[in-house]
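Chemist: Okay, here's the structure, questions in a sec.
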Amino acid sequence: MSTAAVSTPSRPHLPRWAAPAGVAVLFAVAYLAFRGTATLPHDDEAAPFVAITELRERVDANKNSSPLFLYFVNYVRLLVGSIYVAFAGALHGLGWPGLIGLMGAVGWAAGGWRVGLLGVAGFAGFGMLGVWESSVDTLALVGTAVLLSLLAGLPLGVWAGRSPRLRRALNPVLDVMQIMPTFAYLAPMVLFFQIGAPAGAIATMIYAIPPAIRITALAIDQVSPTAVEASASLGATGWQTLRKVHLPLARSTMTLAVNQTIMMALSMVVIANLISAPGLGSDIIRGLSRQNVGIMLPAGLAIVVMAVVLDRTTMAAARGRGGDGRLPSGRGLGRARVAGATVLAAAGVGLTYVLPAQWPAGWVLPMAGPVNDAVRWAETTWYDVTESVKNVTSEIVLNPLQGLLTSAPWWLVAAAVALVAWWASGLRPALTALGCLLAIALLGLWEHSMVTLSMVVVAVLAVLGVGLVLGVAAARSPRFSAVQRPLLDAAQTLPSFVYLLPALALFGPTKFTAIFASVIYAAPPVVRLVEEGIRGVPPTVVEAALSAGSTPGQLLRKVQLPMARESILLAANQGIVLTLAMVVLGALVGGGALGYDVVSGFSQRTDFGMGFAAGVAIVLLGIMLDRITQGADRRPSPHRRMS
């Protein structure tokens, strides 16, 4: 018997773009229909601002009678202030010859004569830039914050490294601390610890402590289980195993934790000047307020030099010791280093009693005049180019997006964000993002948050474009990568404030200036992640695509970029977090919006409530954007679904 094949008519399928396009059309129609309604305009006298300002007044009025302040907060402030005074007194007491000699000695002992020479030249540069006193104050503040961070962070990291339960409990807290923009740390400090060095040191400590905990926990967790089991089988107690196995084997990585804590502290101490913390930040803030690059540049260069010297010294210490904590180069070389470092330190301290106590005025390089002349020349020569770039970006991209977000009903924006978060990351991140937006609305900062969000979106698109171009070029050309790598290394050690200097010099105080500064600030990690993602594509897959006749463009579009999707999404996440931090900081160069509210809250007592609420709104924006992008890399890629 023969059988006849019965063909069933195939049902029509909608193209994949039809549903997103339909949703986009629906939102566009809703926007046109309800534009200008439910917009939540900004009000300087909003109820949350008034309530927070009144809370501060009550706190200030009861500081001398509340048990919380009498028996805890005031003692913490006094303790931190005493540590700072001790650091500053010791560093100033050494005098400039003694401090330069001591830094050279530390560098020599850690990494040899080259690192020691870098320390001597770098610290001498503070005097030549004319910012010796401010640099020493900054060094004392960094020392105080790093000491407190390590005293709290290292034991907690060791505990977390040996306790997965504690590590899981700490991770969300550390996530929030690391995505919080730096401005957000300042408002609570003013509320509890007033203004000054103690508040600045505590804010810097809180900002710098996450890497100390995370890297220490990672170092302890990576200790070989075989070594731990061998120690336990020999009858060692838990304390003996920790002291004789875990800590010696993790020492090299834990030195990296110290390095990262110092770098984070250096990024924060300048910003802490907004709450009257002493140091180089005062010169930078003064220059920004006057739009005078000549005042800012010496302080900015001093911060960069300090970061480079401390980074190279601590990294040399991390590389110079093996897992057993001993110098691998031999006992003779170790003794030579110690002898050279001792002679250098003794020479520096001895010269303190011979040379003038103050850095000689004749040794200071006059920079303000030539720098301001160069800035005026650049403004005049490149005016047409910079104005064109700024105006085109502002008129075509930034202003329309800002107008769209501020004129749309709040519920429509919230629905769009929740839908994007659901599509990208799932239901829970969508609910988190929606909750963050509703909280921002309740704080009374909807309009300014939308302005900040529009700046972040434009900056992230730009930084992703730069990151993709440079990352792909570096992945395809080892020579280009070799040239680019030291530039990225240097860029990642610079404090965020430094990026405002060239942006302000080129574009003046505008929103675009803040966006430009955030792009160059966030680009290095994005470029690195894209390069790593492209390089991570298996060579067999690349060879298969080339043997099938793919052109370089097809190889990139259809093989390398899809397979590097997780790295690119991580790059987008990092770009968003860094961009948000810098865009907010850009309030000091005309960025406005939430950053301006925070600065205004610190400078004017009556605006404290608005500044505090703006700090909270910045955190909420950061959490919202982080959750949207963080979950996107868990979505299956088209290639996985096909396989």
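Chemist: Just read off the accessible area of residue 602 with the full protein assembly in place, 1.4 Å probe, to the nearest 10 Å².
Modeler: Answer for residue 602: close to 40 Å² accessible.
Chemist: Got a sec to turn the phi values of segment 369-378 into Karplus ³J(HN,Hα) couplings, 6.51 cos²θ - 1.76 cosθ + 1.60 with θ = phi - 60°, whole Hz, x for Gly and Pro?
Modeler: Calculated HN-Hα couplings, in order: x, x, 5, 5, 5, 5, 5, 5, 5, 5 Hz.
Chemist: Let me ask you something else. Treating only the Cβ of Lys, Arg, Asp and Glu as charged (+1, +1, -1, -1), what charge dipole size does the chain show about its Cα centre? Round to the nearest 20 debye. Each step should come with its number before you reach the end.
Modeler: Values: 43 positive and 29 negative charges, 465 e Å.
Charge dipole of the chain: 2240 debye, to the nearest 20.
Chemist: With runs of 4+ DSSP H residues as the only contributors, calculate the mean residue ellipticity of the chain at 222 nm using -39,500 (n - 2.57) per run, divided by the residue total and rounded to the nearest 500.
Modeler: Values: 29 runs with 483 residues, N = 643.
So the helix-based figure for the chain works out to -25000 deg cm²/dmol.
Chemist: Taking the Cα centre of segment 370-635 as origin, sum charge times position over the Cβ atoms of Lys and Arg (+1) and Asp and Glu (-1), and report the length of that vector in debye to the nearest 20. Each step should come with its number before you reach the end.
Modeler: Values: 16 positive and 15 negative charges, 145 e Å.
Rounded to the nearest 20 debye, it is 700 debye.
Chemist: Kindly write out, for segment 53-67 in residue order, the coupling ³J(HN,Hα) from the Karplus curve 6.51 cos²θ - 1.76 cosθ + 1.60 (θ = phi - 60°), rounded to whole Hz, with x marking Gly and Pro.
Modeler: So the J values, rounded to whole Hz, are 4, 5, 4, 5, 4, 5, 4, 4, 5, 10, 5, 8, 10, 6, x.
Chemist: What number comes out for the charge environment of residue 595, summing +1 per Lys or Arg and -1 per Asp or Glu over other residues with Cβ under 15 Å away?
Modeler: Working: positive: 511; negative: 447, 597, 607.
Taking every Cβ under 15 Å from that of residue 595, the sum is -2.
Chemist: If you look at just the Cα atoms of segment 128-231, how large are its Rg and its Dmax in Å?
Modeler: 17.1, 57
Chemist: On to the next question. Measure off, as a whole percent, the carbon and sulfur share of the 1.4 Å-probe accessible area of the chain, all protein chains present. Mind dumping the intermediate values first?
Modeler: Values: 20410 of 30740 Å².
The C+S portion of the solvent-accessible surface of the chain is 66 percent.
Chemist: Still on this model: Just to check I understand the Karplus step: with θ = phi - 60° and J = 6.51 cos²θ - 1.76 cosθ + 1.60, what whole-Hz values come out for segment 246-262, glycine and proline as x?
Modeler: 4, 5, x, 6, 9, 4, 4, 5, 5, 5, 5, 4, 5, 4, 5, 5, 5
Chemist: Which value, in debye to the nearest 20, gives the size of the charge dipole of segment 65-290 about its Cα centre, when Lys and Arg are +1 and Asp and Glu are -1 at the Cβ?
Modeler: On the way: 12 positive and 6 negative charges, 85 e Å.
Result for segment 65-290 is approximately 400 debye, rounded to the nearest 20.
Chemist: Which three lengths, in whole Å and largest first, does segment 44-152 cover when its Cα atoms are put on their principal axes?
Modeler: Largest first, segment 44-152 extends 59, 35, 24 Å along its Cα principal axes.
Chemist: OK, next. Quickly rank 145-157, 533-545, 416-428 as a protection proxy: mean count of other C-beta atoms within 10 Å, highest first.
Modeler: Working: 145-157: 21.2, 533-545: 14.5, 416-428: 17.2.
Highest mean packing first, the order is 145-157, 416-428, 533-545.
Chemist: Amide H to amide H, which residues 5 or more places from residue 277 or on other chains are under 5 Å from it, using H placed in the peptide plane?
Modeler: Those lying under 5 Å, H to H, from residue 277 are 196.
Chemist: Taking the Cα centre of segment 36-137 as the origin and placing charges on Cβ (Lys, Arg +1; Asp, Glu -1), which of 100, 64, 88 is farthest toward the positive end of the dipole?
Modeler: In segment 36-137, that residue is 100.
Chemist: Answer with one residue from 374, 226, 451: the one whose Cα lies farthest towards the positive end of the charge dipole of the chain, charges on Cβ with Lys, Arg +1 and Asp, Glu -1.
Modeler: The Cα lying farthest towards the positive end belongs to 226.
Chemist: Rounded, prolate or oblate: which one fits segment 370-635, using the alpha carbon gyration tensor with axes a ≥ b ≥ c (rounded when a/c is under 1.5, else prolate when a/b beats b/c, else oblate)?
Modeler: Since a/c reaches 1.5 but b/c is at least a/b, the shape of segment 370-635 is classed as oblate.
Chemist: Need the list of lysines near residue 511 for cross-linking: C-alpha distance under 18 angstrom, and skip anything on the same chain fewer than eight residues off.
Modeler: The reachable lysines, counting only those whose Cα sits under 18 Å from residue 511, are 390.
Chemist: What residue among 217, 125, 548 has its Cα farthest toward the positive end of the dipole of the chain, where the charges are +1 on Lys, Arg and -1 on Asp, Glu, each on the Cβ?
Modeler: Checking the options against the dipole of the chain, the answer is 548.
Chemist: While we're here: Mind checking the per residue accessible area of segment 65-290 for me, 1.4 Å probe, whole number of Å²? Let's see the in-between values first.
Modeler: On the way: 9180 Å² over 226 residues.
Per residue, segment 65-290 has an accessible area of 41 Å².
Chemist: Could you give the accessible area per residue of segment 370-635, probe 1.4 Å, as a whole number in Å²?
Modeler: Numbers: 11160 Å² over 266 residues.
Result: 42 Å² of accessible area for each residue.
Chemist: Only Cα pairs under 8 Å and at least 6 apart count here; give the relative contact order of segment 495-567 as a rounded whole percent.
Modeler: Numbers: 39 pairs, mean separation 21.7, N = 73.
Relative contact order of segment 495-567: 30 percent.
The values are calculated or read from the model by the stated rules, or taken from the named source; none is laboratory data. Predicted, not measured: the structure shown is a model, and the values here were computed from it. Cβ: placed from backbone, ideal geometry, glycine included. Neighbour counts: every protein chain shown. Surface accessibility is based on the protein's heavy atoms, side chains included, excluding ligands, DNA and RNA. Shrake-Rupley method; radii C 1.70, N 1.55, O 1.52, S 1.80 Å.
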